[in-house]
Structure formats: structure tokens, C-alpha cells
Amino acid sequence: MSEKTKVIIMRHGETDYTAENKVLGNKNVPLNENGEKEAAKVAEKLAEEDVDLIYVSPLERARKTGEIVAAKQEKNCTSMEMDCLREQDFGVFEGKSRDDAGYQAAKREFFKRYEGGESFADVVARVYPFLDMVLEKHEGKTILIVAHKGVCRVIANYFEDMENEEFATFDMEPCEYKIFEA
């Protein structure tokens, strides 16, 4: 009988874009001061989870959040950057208001690429194989994945099937985390 693997997904801390409710994809925007404080606060809570390994997006906001969490772990926890965890490329909507009607309509077209960007299907194609590897390679371990809202949406759907509207409206606040066992 195999041991369950605990997978914790965490969205990076606040950036100026998230504070201003702007679409933020592949642009490499750093955490703001509040984001660093949020990450330090949640790092205290995650210290109780006994994390074995942290996988992070290569974008600075996720990488820095992962570093802050890793520093609070009792184990000497390695943090590994994975390009497949970078945020979805939102193309022409990058930097626009998340309330923009065009963006809200486009994000419900899961298989259609944003103009100049990626579709959710593209993100699934790079994230699902990574999750398959995590579950195979790290059986019985606790793995933290620090990424972005769009990637967290895809990961959450991997573990818990969502209806279309639930997927489209999925939300995670900065530094929010969710735990799955498989």
C-alpha cells in the first residue's frame, strides 16, 4: 500500500499589479512590501507542514515567496524552479483591469488562446505532466508548489474536477494555500 503524497499549492504574495486588480501573466513583477509581509506570515503557518521540497515558478514574485517560506522550514528544504509553473500568458490583456469585459469573456474560452498568449489548455498541457511526476517521484512526501492564480486553478482542477463556471471563477488570494492528498 502506497503512502499518500501531500501537495500544497500556494499563490505568490501581493504585487502592485494584484493590489491594483490588473491582469498579471508572464511579466516579471516583484512582490511589493505587503506581499513580502504576507509571505512571512504564511511561512510561519506552513512551518508546521514539514515540507520536504518546494517547487516554484521562475517568475520573481513566486520565487521570492518560495524563498521566504523555505527559510522558515525546519528541514533544509530545497526550492526548485520549474518553467512549467510560470503563469499563463494572457497576451493582449496583460496589465488590463481584471474587470475588463473582454478579459472576463476570454477567460471562459478555455481552449482558445488569448491574442498573443496561451489558452488554459496550453497551461494544462505543461502542468499536468509535472503533477504526474511529482506524485510518482515524491510518494509519501509533502510538496509545496508556489505559483500563480491561473496555475493554481489548473492544479486544483487536477485534484478536484470542476464545472466550467467553477473553473472560470476560481480564486485564490495572494499567499492563500490549499492542501491536497493523493
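For the structure I just gave you, tell me whether GLY140 is in a loop (DSSP other than H, G, I, E, B) and in contact (Cβ under 8 Å) with a residue 12 or more places away in the chain. Yes; evaluated as a whole, the condition is true for this residue. At pLDDT 95 or above and among the basic types (Lys, Arg): does that describe ARG126? Yes: the conditions hold for ARG126.
Picking from residues in segment 144-182 that are touching a Ser or Thr at 6+ places or on another chain (Cβ under 9 Å) and in a helix (DSSP H, G or I), the one that is farthest from PHE130 (Cα to Cα) is LYS149.
Scanning segment 99-132 for residues that are of a type in the set (Gly, Ala, Ser) and in a helix (DSSP H, G or I), we see that the one that is farthest from THR18 (Cα to Cα) is ALA125.
Inside segment 101-144, residues that are polar (S, T, N, Q) and buried (at least 17 other Cβ atoms within 10 Å of the Cβ) make up a count of 2.
Of all residues in segment 39-55, those that are more than 16 Å from VAL7 (Cβ to Cβ) and touching a residue at least 12 places away in the same chain (Cβ under 8 Å) have Cβ atoms under 8 Å from Cβ atoms of residues that are polar (S, T, N, Q) and buried (at least 17 other Cβ atoms within 10 Å of the Cβ), 6 or more apart or on another chain, in ALA39/THR65; ALA47/GLN73. For segment 40-62, does any single residue satisfy the condition of being under 28 Å from ALA125 (Cβ atoms), among the β-branched types (Val, Ile, Thr) and assigned to a helix (DSSP H, G or I)? No, segment 40-62 has no match at all. Under the condition of being under 19 Å from LEU46 (Cα atoms) and exposed (fewer than 13 other Cβ atoms within 10 Å of the Cβ), the residues counted in segment 145-181 number 2. Test PHE120 against the criterion of being closer than 30 Å to LYS141 by Cα, of a type in the set (Phe, Trp, Tyr) and in contact (Cβ under 8 Å) with a residue 12 or more places away in the chain, and give yes or no. When the stated conditions are applied, PHE120 passes them.
The values are calculated or read from the model by the stated rules, or taken from the named source; none is laboratory data. Computed from a predicted model, the values in this text were never measured in an experiment. Glycine gets a Cβ as well: all are built from the backbone with ideal geometry, and neighbour counts include every protein chain shown.
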